Amino acid sequence: MLSKKQARAFFLGGTLVTFLIFIGLTIYSFSKPQDQTNAENITEAVVRGKDLWEANNCMGCHTILGEGAYYAPELTKVMERRGEGYIKAVLMTPNAWNPNGRKMVAYGFSEQEAKDLIAFFEWIGEIDLNGFDRVVSPLAKDKD
Amino acid sequence: MKYKSQKVAYWFFALSMLLLVLQITYGFIMGFARLGYDGLHDFIPFNTARAVHTNLLVVWLLSGFMGAAYYIIPEEAQRELVSVKLAYVQLISLAVVGVTAIVGYHFNWWEGRKFLEIPRQLDYLVVVNVLLFLALILATLFKGKRKTTTALVLTMGLLFAALLYIPGMLPFDSQVTDSFFRWWVVHLWVEGVWELIMGGILAFLLIKLTGVDREVIEKWLYVIVGLTFLSGILGTGHHYYYIGVNKIWLIVGGIFSALEPLAFLAMALFAVNMYRKGEKKHPNKMALFWTLGSAIVSFVGAGLLGFAHTLPQTNIYTHGTLVTAMHGHLAFWGAYAMIVLAIISYALPNLTGRKFYDKPLGRFSFWASNIGMVGMTVAFGVAGVAQVYLERKFKMDFMEVQDEISIHFLVLVLCASLFASGIISYIIEFWKHGKPTDEALEVQLK
């Protein structure tokens, strides 16, 4: 029968080994040849867009890369689905946006801010998502 | 209660109860908004309600864990806490930081990163607060007469939880990298080190309630936390399938997260077996209900329902849908909310000297909250599966789908009302126990 000492060795040993593998895989995933995000395309505008995305907690309603709050549409492929004009209008309108009865806060972004967010969405839309890109937005795919 | 300083735990538990009520309130705001009743939108838009709901969960659970530690560590280490005054300073600062963050969310002051919305300036205060807490616990433990496995596992869980907060504070330009390290905090908390905390509290409760030999319980505690880390660390990969990182995570995450239910199964079997084996029948029935309930419901919610959408072949359809909310609700309820309610149910009569071990209202609170939460889980599940089919198989527009599934949110709100009636009953029982008193020490000795 298992002794307490063996049980402790199992806990410490298992934890150490899996943690080291985890660190190794993390380093491997972020090595340059493994990049699926087109990291070289992350411009200053994309970073400003990401800052706006976070500062306004867009993830608190929408999802992106499948992560968020499931209250408002998934935005990974929003550029393909809606196009720049529509998105700009939603971002810049000073009136509450109310599609199908579900309200979005009227952020009233400036032209520059809207451009930055669009740059962010464009970069997001190009990421290789291991097949999820085809599932997440079939509507976008149909437009092709 | 064996040591006067354990009384501080009561106030952490009271703070937990207060924040739990607020959490449920914001949950209702979201439920009604999904039904179209969003009259509060101008003051509390959905993203505010959502951030408040999830952050209050984290804070009330942490407050509960901290209270549990302040109750358990003196008893395990067999000495008073090193400083009661500093423990109260820590309590007040925790409440102030938590409330400031929550109020800030109403004024667009946050970092919109799911679960880690607390603004950076407050992050530093959280760190200071947690360091103070850990210093008090560690000093008590090392000055104590004995260092038990239960106390070490609990403390290790709390220490790692603090360390793992750091990757969430690193700034990245890439949304993908940002998300990757955000899961180091969120996943490795809830499917890693928090299970150590849960295991530690569970072991303490089983020792007290069943009378089974400490050596036996603590041996199995090591096996359980061993299984947790063995599966849970590499199981983080299930968050990396479809966010823009290497395919290797599909294999690693798939295999190891499929093993994650084993830790919860072991926890459930362990708790039930120890109960059967135990010769001592502790009169505190409510504590026993919540303890065994936590072990079993966590297996269903975290283990089984997690497994239901953890394989990459399934997750490619369910990722980013209400299916996640289904799993999330029962998992957090079973594993963490119920274990906090269990330790409170055990500690409260000992702290106050009022032995309300088995009251009808107490039993009602257990069953109503559990049945309500299972109903909510089913409502989320049905809505989620319908969403997957309509949106991702039949290619319907997001908002059209939301209209189709809105009926399930009516069920959700109804079940949530039952759940809330259970929680309110629990809090009434909590209130009836009254304040902690030193006289409880004498009651205990008798």
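Structure summary
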quantity: All helices (runs of 4 or more DSSP H) inside region B:161-272 with 2 or more residues being farther than 29 Å from B:I343 by Cα and within 12 Å of another protein chain (Cβ to nearest Cβ); calculated: B:175-188
quantity: Enumeration of residues in region B:64-122 that are in contact (Cβ under 8 Å) with a residue 40 or more places away in the chain, among the polar types (S, T, N, Q) and open to solvent by 10 Å² or more (accessible area, probe 1.4 Å); calculated: B:Q78, B:S83
quantity: Number of the condition not met by B:F289 [criteria: (1) of a type outside the set (A, V, I, L, M); (2) over 19 Å from the mean Cα position of the chain (by Cα); (3) over 28 Å from B:Q313 (Cβ atoms)]; calculated: (2)
quantity: Filtered residues of region A:47-73 (kept if buried (at least 20 other Cβ atoms within 10 Å of the Cβ) and either of a type in the set (S, T, N, Q) or assigned to a helix (DSSP H, G or I) (or both)); calculated: A:G49, A:K50, A:W53, A:N57, A:C58, A:M59, A:G60, A:T63
quantity: In region A:1-47, the residues that are of a type in the set (F, W, Y) and under 19 Å from A:I127 (Cα atoms); calculated: A:Y28, A:F30
quantity: Identity of the residue in region B:349-402, of a type outside the set (D, E, K, R), without any contact (Cβ under 8 Å) to a residue 40 or more places away in the chain and assigned to a loop (DSSP other than H, G, I, E, B), that ends up most open to solvent (accessible area, probe 1.4 Å); calculated: B:F394
quantity: Condition broken by B:T291, with the remaining ones in (1) more than 12 Å from chain A (Cβ to nearest Cβ); (2) assigned to a helix (DSSP H, G or I); (3) under 30 Å from A:A39 (Cβ atoms) satisfied; calculated: (3)
quantity: Whichever residue in region B:321-347 is within 14 Å of chain A (Cβ to nearest Cβ) and touching a residue at least 24 places away in the same chain (Cβ under 8 Å) and, among such residues, is farthest from A:E74 (Cα to Cα); calculated: B:H329
quantity: Number of positions in region A:27-46 that are in a helix (DSSP H, G or I) and surrounded by fewer than 18 Cβ atoms within 10 Å (Cβ to Cβ); calculated: 10
quantity: Scope region A:104-133; condition in contact with a helix residue (DSSP H, G or I) (Cβ under 8 Å, 6 or more places away or on another chain) and within 9 Å of chain B (Cβ to nearest Cβ); matching residues; calculated: A:M104, A:V105, A:F120, A:W123, A:I124, A:I127, A:L129, A:N130, A:G131, A:F132
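The values are calculated or read from the model by the stated rules, or taken from the named source; none is laboratory data. A quick note: this is a predicted structure, and the numbers were derived from the prediction, not measured. Cβ coordinates were reconstructed from backbone atoms using ideal geometry, including for glycine residues, and neighbour counts include every protein chain displayed. To get the accessible areas, we keep the full protein, side chains included, count just its heavy atoms, and leave off ligands, DNA and RNA. Shrake-Rupley method; radii C 1.70, N 1.55, O 1.52, S 1.80 Å.
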